[in-house]
Amino acid sequence: MTFNKRKLSQVCAGTLLAGSLVVSIAPAVAATAAGTLIKNLATVTYEDSAGNKYSAQSNEAVITVKQVYKAELSSDSTKTATAGQMTYIQHTLTNNGNGSDTYTLTAANDTGDDLTSNSVKVYRDVNGNGLVDAGEPEVSSVTLAAGASAELVIAVAVPSSATTGQKLGVILTATSANGTVTDATNATGGMDSAQGTNQDVITVSGDAVLNYTKSATLNAAANQITYTLTITNTGNRAATDVNIYDAIPVDNAGTPMTLVSTSVSGLLAANGDTLPPTAPATDTLDETALGIDVNNDGDKTDTAVAGISAMDASIAANQTVSVSMVVEYDPAVFNNNAIAGSAGDIVKNTAWLQANLDGNPSTTENPIASNPTQTVLPQKYAVDANDTDDNLNDTVNDGKDDDGDNDSQFVTQAPLGSSVQFLVDVTNAGSGTDTFELLIAKGDFPAGTTFTIWNEAGTVQLTDTNNKGGVDSGPLAAGATKTYMVKAQLPSTVSGDNSGNGFTATLTATSANDPSNTPASNTTELKLGEITSSGVDLSDSADGAVVGLNADDLKSPYTINNGDNAGTRPTFAATVGSKVEIPFYIDNDSGSADAFKLSAGGSDGSSLGALPTGWTVTFYATDASGNRTGSPITTTPSLPAGTVDRKFIAVVSIPTDPANAAADYGTVDTNGDGDGDQLISIKVLSSATGATDIMMDAIDVAPLRQVALTPPGSDQIQAGGSVDYTHTLDNTGNTEETFEVAATNPGTTPNWNNNLLVDTTGDGLPDKPTSQLTPTDTIYGKDNAGNIVPVAWTDTDTDGNPEVTLPPGVSMPISPVVFAPSDADPGEINTLTVTATNTDPAATAPDASVEDISTVILGQVRLIKTVAYDAACDGTADGSFAANLSAKVAPGECAIWQIVAENQGDANALKVVVRDNVPTYTTYQAGSLKYALGNTGLAARTDAGGDDSAEQVNGTVSFFVGPDATAAAGGTLLPGQTATVQFSTKVD
């Protein structure tokens, strides 16, 4: 970089530009993206002579946003250099359009100057430092997304034969095949008065010319950055009083890094030079005295900035000096962005220079910033796996620690066959987000023990989130600790304390992102003191069983009375919304008193699972007579060792929603009545020992057959016109039902007709007449959760009326369209009846029907909406109006929206008002309202309310139609009469 006599304001402006080079800058107001569809429709409201109110919507009119191509190139520049010097000049190209564009770049010698360079090249300045760095490409074109910027550097070789005062001009040109590029220097095109170019002028100087480069070298192992400012005088005289200032980087908290050392090359105190401070001491830099933003925080008001300063009394021509400082950061603490940890933080640093270049002691040039450096801090990898150090000496098997903070999680004892829980803490001790592979070595746990890793609550099992083949923690922020539960499922064949040694497994947490050959890892131990022989037995009857006998040994396939010691429980009968009491009995087979958690679930006959939707189970203790008593419980009281046949009662509540209380669950028919029953599992679990048992019961819910077809409809229709109705056929019972769906509408006047539409696309909207269904069509409905589901159908009698099968809770939309004959009399009423006739002839089989009442009216207002292109926004259409405009409209251009309202009936339409909203992505054009009644020409209307037949208020456009129209009540549109209205909007 070349040091020259530019004003400080110019220097700061250039510095600010360089600081923005590494980011994409969006325009202050982003234009609507190219290709965006802007849609709009209007609404008309009116009444008939009886005071009945009507409304109708127009069709949808659509415009497409056109791509706008525009860019700017910034900015012209002046430089000072010596003969033979390579000079770097920085520019920025910004795409200010609303879509991606490609730009061609050329740089060439200017004509009319004193010199010609034999090397002028353009480079992509990837890191935005204003220099050409290794690996940065020479470019001839660049593609930019909307709002994006590209940082460019021109490298210009000054001829070695140049003499003082000669000027070398170069011109950078950016062109787009699609649009224009402007010169951001000023409105007139900068020094060369041309758009799409930047002109740079290099003046050859005989004074001192300081070329300086700031570098930053990272020592990741030591957490240190070495900053070096190298200064070479390429001029023809000595530069004197060269002052150097450099601030120490700080983090978000304002804490600076630690100064480790400083060093110089070419500076000697004996020559009158001032050396930088000796670490760890720092200089205090006062921005108000220096007049510079030394720490680059956007102001010049800081009076105590930690940094270094130095002064070289004289740098001779062709002499090179340098000043370096080494700073150190704590990767666990330093952070200058919103993400925890220092990893990935970008540390920016800029030095400042001020010197006398012309040998005149009375003049000192303004200070200027060096090129900025950017250092990305690397990630440090470390992890700590440890015990939780809680619940010391607590023998409950809940995963908590029993023996203090000693890097081993200890559980005193657990029964054979139980699941032992260990809670472990994993801490990301590194400097950035990391994922840790979690691996368990079984150690001397019994053969057949399986280990799984869960969330802290033990409710969600961990998986492989990073596709590395094993269980892992998932991303863990720097410094964060997460607790996991390890479950060791013991075999049911081994007990004891392993000859007094207990059992030990080891969990290892290993960094998944550490690229080294030995990734960071840490271990913690999982210890179990003893495996005890204990158990519990759950049965459906008081069998007086001896301790250790499993009276109801539940086995797969799951059903009632199934096992080595099967019970004899009958199936329970229930109805929708009822309650069922299920008695059960618990034996405590352990050698000590124990309490057992009570829970319930369901089953499909092949696996155990949760209760079905809407079903609940509550548990009660019993009194001496065996009757339930007290409030619901979730855990039994403590049962003494050897307890036999302690009775409890489970109360099962059947849902009141028939869809959740099906008569046929399609699982296991436990009572042989031909339909599937709901299996209910009851489970007991010891919190202390993990001993558990499950038994199975079944509930047969009685059929509740019912159906609904709603709602009834009523509407108006014009003679020769049509009207749509919408209904829902809903199976509100708990049995599957099949219905033949049909519609009839005989009328007083002949030739009334209808179509009955069903949904064949799955969008919830009926679209196809049932008379046109083919075997390849699918009819869709919704289940009681609102999900779209297919509905089975046939038409066995080929009468065009399909038979549809609806499971419990499934509904389907039906839309009849009524057609009136052209000679229907005004006031005539037609009744359409839609029927759903059950194909089951049984007396209990439900049917349904609904009626739609259509009344013939005289007046009917229809709207037609179109739009036209108005490039100049002058209110005059540049082409024809269309519902879907083929011409694309660019941001800053306008669209004229037109609505034609026509009374297609034979009676007056009263209180007619047409309303429309300003479309999204557009802005209303003030004063664009126009109105015409019949064939009269369009006339302008004011935007204000209450003074004429139109208004625009808060983005809503209203037109009051008719010769007698008022803003309060609208007006009258005669039969066959039309009204045309227009308004304009500009695309944002």
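A compact table of results
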{"item": "Answer from 483, 506, 493, 465 - the residue that is over 37 Å from the mean Cα position of the chain (by Cα) and over 17 Å from residue 416 (Cα atoms)", "result": "506"}
{"item": "Extreme residue, nearest to residue 809 (Cα to Cα), among residues of region 697-753 that are at pLDDT 90 or above and among the acidic types (Asp, Glu)", "result": "730"}
{"item": "Residue among 895, 877, 901 that alone is part of a strand (DSSP E or B), over 41 Å from the mean Cα position of the chain (by Cα), under 25 Å from residue 60 (Cβ atoms) and not acidic (Asp, Glu)", "result": "901"}
{"item": "Failed condition for residue 649, given (1) over 30 Å from residue 829 (Cα atoms); (2) modelled with pLDDT under 90", "result": "(2)"}
{"item": "Filtered residues of region 311-326 (kept if among the small types (Gly, Ala, Ser) and closer than 12 Å to residue 238 by Cβ)", "result": "313, 314, 316, 317"}
{"item": "Qualifying strands (runs of 3 or more DSSP E) (wholly inside region 568-663; at least 3 residues being β-branched (Val, Ile, Thr))", "result": "579-588, 616-622, 646-653"}
{"item": "Residue ID - surrounded by the most Cβ atoms within 10 Å (Cβ to Cβ), chosen from residues in region 295-334 that are acidic (Asp, Glu) and not in a loop (DSSP other than H, G, I, E, B)", "result": "312"}
{"item": "Qualifying residues in region 899-945 (those that are out of contact with any Gly (no Cβ under 7 Å at 6 or more places or on another chain) and among the acidic types (Asp, Glu)) - the one modelled with the lowest pLDDT", "result": "906"}
{"item": "Candidate set from region 149-178 (those that are modelled with pLDDT under 90 and surrounded by 18 or more Cβ atoms within 10 Å (Cβ to Cβ)); member that is nearest to residue 204 (Cα to Cα)", "result": "151"}
{"item": "Residue count, region 940-983 (criterion: buried (at least 19 other Cβ atoms within 10 Å of the Cβ), touching a Phe, Trp or Tyr at 6+ places or on another chain (Cβ under 7 Å) and either outside the structural domain of residue 908 (by TED's automatic domain parsing) or not in a strand (DSSP E or B) (or both))", "result": "2"}
{"item": "Some residue of region 411-420 being modelled with pLDDT of 85 or more, surrounded by 15 or more Cβ atoms within 10 Å (Cβ to Cβ) and not in a strand (DSSP E or B)", "result": "no"}
{"item": "Some residue of region 646-654 being surrounded by fewer than 20 Cβ atoms within 10 Å (Cβ to Cβ), in the same structural domain as residue 571 (by TED's automatic domain parsing) and hydroxyl-bearing (Ser, Thr, Tyr)", "result": "yes"}
{"item": "Residues of region 166-197 that turn out to be in contact (Cβ under 8 Å) with a residue 40 or more places away in the chain, part of a loop (DSSP other than H, G, I, E, B) and of a type in the set (A, V, I, L, M), as a count", "result": "2"}
{"item": "Residues of region 132-148 satisfying the condition of being in contact with a Ser or Thr (Cβ under 8 Å, 6 or more places away or on another chain) and surrounded by 16 or more Cβ atoms within 10 Å (Cβ to Cβ)", "result": "142, 144, 146, 147, 148"}
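The values are calculated or read from the model by the stated rules, or taken from the named source; none is laboratory data. It should be emphasised that the depicted structure is a prediction, and the values quoted were computed from it without experimental measurement. Backbone-built Cβ (ideal geometry, glycine too); neighbour counts: all protein chains shown.
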